[in-house]
Amino acid sequence: MLRFLDAGESHGPGLVGVVEGLPAGLPVTTGYIDAQLARRQGGYGRGGRMRIEADRVRFLSGVRGGLTLGSPVALLIVNRDWVNWRRIMGAGGDAAVDERVVTCPRPGHADLAGAMKYGHRDVRNVLERSSARETAMRVAVGTLARRLLEELGVTVCGRVTCIGQVADSSSPPPLEWAGRVAASPVSCWDPAVAEAMMQAIDRAREAGDTLGGVMEVAAVGVVPGLGSHVHWDRRLDGLLAGALMSIQGIKGVEIGAGFAAAGLPGSAVHDEIGYAPGRGFYRATNRAGGIEGGMTNGEVVLVRAAMKPIPTLGRPLASVDLHSHRPSRAAVERSDVCAVPAAMVVAEAVVAWELARAFLEKFGGDSLADLKAGGYLYQSRLRQV
């Protein structure tokens with residue numbers, strides 16, 4: 001079983017993660033993970049926090065000589081902003097818990113529901129953990145999964161297809177996304193659309209507002225048969241949807257044609273099956289997004305996630321004070337105008353994680369060599385079908 005736990009507050013000393021189940025012999029470096037962390041910190045529309053942090057990961061266990069050992073991998077990302085919050089966020093009894101108290105919850109955030117659930121009188125006790133700062137560790141963890149998938153011949157990539165009302169309707173092959181997406185400040189394929197997206201973000205910033213959008217993640221090279229149809233909790237589409245919905249701000253997920261398929265006849269939705277010697281079975285189209293019946297079908301796995309606008313507004317919405325119950329304005333924390341490009345990197349990470357789990361569930365193996373051998377035998381059998 002591949003699993004992880006992470007911990008840490010937004011303004012605490014750092015973020016920690018423990019990954020269990022990675023096979024031994026996987027080549028990994030901190031530099032490889034740091035490159036993905038830098039992608040997460042970038043993007044047009046980010047706020048001041050990104051100018052403070054320069055995320056770098058440290059391996060505390062489970063890696064020796066650039067190879068995983070098969071034991072738990074422990075990771076640490078230090079929060080540089082901790083020096084400014086040490087007195088307030090300290091764990092000891094002398095912490096200045098009466099400073100920077102937040103009592104006006106933000107509409108659309110975890111503030112009020114979390115304070116009511118846990119009985120907190122200071123919303124900071126909620127927002128420090130519910131903050132998307134937590135996703136830095138999820139990117140680090142998901143990047144280990146990405147590294148494993150690369151060894152198995154799978155490429156995971158993403159792009160932003162919509163910010164606010166500005167949408168990119170192009171449909172380039174996923175393996176062509178990387179270069180142009182990396183060069184775009186908003187991770188968009190079409191440069192002209194990207195410029196319009198940035199203009200929309202500028203207008204939102206001037207208005208004290210925020211923008212959401214849509215991101216798309218593809219996995220190329222996935223073998224058929226990952227996941228299962230036999231139990232609800234083993235269906236890969238359900239696992240991917242749950243992972244994407246767990247990202248802060250994500251309010252909708254679709255696979256393949258998704259919601260558009262609901263308004264079409266079956267003849268315009270389902271992918272016709274073909275067969276060719278040397279290629280085997282294939283689909284003429286990929287409206288299913290590479291998943292049928294809870295299992296991969298050998299086509300590109302294609303998922304999309306819709307992110308709502310960030311709840312922290314420069315011109316805050318109406319709220320009610322947690323203590324006095326008087327009308328007030330929502331709290332303002334340092335935040336972004338648009339974080340869709342950053343969320344796309346997180347989406348890539350959680351998709352990579354779920355696919356890596358599915359590979360290990362199907363093929364097992366305590367070492368990378370064993371895992372590859374299991375996959376090779378399976379694909380050899382498929383070539384005989």
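Observations, loosely collected:
- Lys-Lys pairs in segment 3-382 that are eight or more residues apart or on separate chains and whose Cα atoms lie under 28 Å of each other come to 4.
- Placing dummy labels 7 Å off each Cα toward the beta-carbon, the span from Thr285 to Arg87 is 6.4 nm.
- Size of charge dipole - the chain - debye, nearest 20, with Cβ of Lys, Arg +1 and Asp, Glu -1, no other charges: 360 debye
- Centroid-to-centroid separation of segment 149-222 and segment 4-37 [C-alpha atoms, Å]: 25 Å
- Between helix 191-206 and the chain there is an angle of about 20 degrees, using the helix long axis and the longest principal axis of the Cα atoms.
- In units of the compact-protein estimate 2.2 N^0.38 Å, segment 1-147 shows a Cα radius of gyration of 1.16.
- Added length on full extension, which subtracts the Cα-Cα distance from 0.36 nm per residue, Asp202 to Arg334: 45.8 nm
- Ranked Arg383, Arg58, criterion: other C-beta atoms within 10 Å, fewest first: Arg383, Arg58
- Note on Glu9, Glu348: ascending count of other Cβ atoms within 10 Å places them as Glu9, Glu348, the fewest first.
- The mean sequence distance of close C-alpha pairs (under 8 Å, at least 6 residues apart), as a share of the length of the chain, puts its relative contact order at 22 percent.
- The C-alpha atoms of the chain define a longest principal axis, and helix 236-245 lies at about 20 degrees to it.
- Here the Gaussian network model covers the chain, with springs between Cα atoms less than 10 Å apart; of Ile77, Ile88, Ile250, Ile88 fluctuates the most.
- In this structure, Val320 and Arg129 have a Cβ-Cβ separation that, at R0 = 25 Å, corresponds to a calculated FRET efficiency of about 0.65.
- Under 5 Å between amide hydrogens, built in the peptide plane, is the criterion, and for Ser367 it picks out Ala24 among residues at least 5 positions away or on other chains.
- Computed over segment 60-146: relative contact order in percent, which uses C-alpha pairs under 8 Å that are six or more apart: 15 percent
- The charge dipole of segment 1-153, taken about its Cα centre with unit charges on the Cβ atoms of Lys, Arg (+1), Asp and Glu (-1) only, comes to about 280 debye.
- Relative to one another, the C-alpha centroids of segment 261-282 and segment 64-96 are positioned 49 Å apart.
- R0 of 25 Å, Cβ-Cβ distance Leu67-Gln384: FRET efficiency to nearest 0.05: 0.15
- Rounded tilt (10° steps) of 135-151 against the dominant C-alpha axis of the chain: 10 degrees
We did not get these values from a lab; they are worked out from the coordinates using the rules stated. Model, not experiment: these values are computed from the prediction. Quick reminder, even Gly has a Cβ in these numbers, built from the backbone with ideal geometry, and neighbours come from all protein chains shown.
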